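Have a look at the structure below before the remarks.
The values are calculated or read from the model by the stated rules, or taken from the named source; none is laboratory data. A quick note: this is a predicted structure, and the numbers were derived from the prediction, not measured. Quick reminder, even Gly has a Cβ in these numbers, built from the backbone with ideal geometry, and neighbours come from all protein chains shown. The accessibility values were calculated without ligands, DNA or RNA, using every heavy atom of the protein model including side chains. Shrake-Rupley method; radii C 1.70, N 1.55, O 1.52, S 1.80 Å.
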Amino acid sequence: MKKIATILAAVSFALAAPLVAFAMDHESMPMEHGSMEHGGHKKAAHEEVVDGVKATFDVYNLTGMKETHHIMVTFTDAKTGKPLSKGEAKIKVVGPDKAEQVKDLMAMGEGFGANFTMPGKGKYGVMCKFKLADGKVRTVKFWYTVK
Ligand SMILES: [Cu+2]
């Protein structure tokens, strides 16, 4: 009987491990992952190569919380396509009303991301400054229009 209980415990733990790992990725973020509308966007909001690094920005709509958008960026080697996920990044968003938000991005999956409040319609300036494993500081700027 005791042996069966031990086997059952081991099996349930083995099954739970991947779920916990996945949850850690986004649990650290102040939101319920379920409310993030991944299907809300079709193609990357912006892509740019700086100094041999390709930066790909995705913007997701958020619902049911103060923040309205989740901005993610992934970095890859422009030549090899290899993901570059070691480093730090921050984003400054300037709204049509000139209000500024600056956030240090959290590492999530192979990229970095954070939530922003972009409630009003109009053009938002997005500036990302990042430093990856090679220690170089790179900057990418683009406009994102909230419709
Ligand atoms: Cu995320």
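Some notes on this structure:
- Residue in the range 58-76 that is buried (at least 18 other Cβ atoms within 10 Å of the Cβ), without any contact (Cβ under 8 Å) to a residue 24 or more places away in the chain and away from the ligand (no atom under 15 Å from the Cβ) present: yes
- Residue list for the range 90-116, filter: more than 12 Å from the ligand (Cβ to nearest atom), open to solvent by 40 Å² or more (accessible area, probe 1.4 Å) and either in contact with a strand residue (DSSP E or B) (Cβ under 9 Å, 6 or more places away or on another chain) or among the β-branched types (Val, Ile, Thr) (or both): Lys90, Lys92, Pro96, Asp97, Ala99, Glu100, Gln101, Val102, Lys103, Asp104
- Among residues that are farther than 20 Å from Glu88 by Cα and surrounded by 15 or more Cβ atoms within 10 Å (Cβ to Cβ), Val146 is included.
- A residue that is at pLDDT 95 or above and out of contact with any strand residue (DSSP E or B) (no Cβ under 8 Å at 6 or more places or on another chain) occurs nowhere in the range 57-75.
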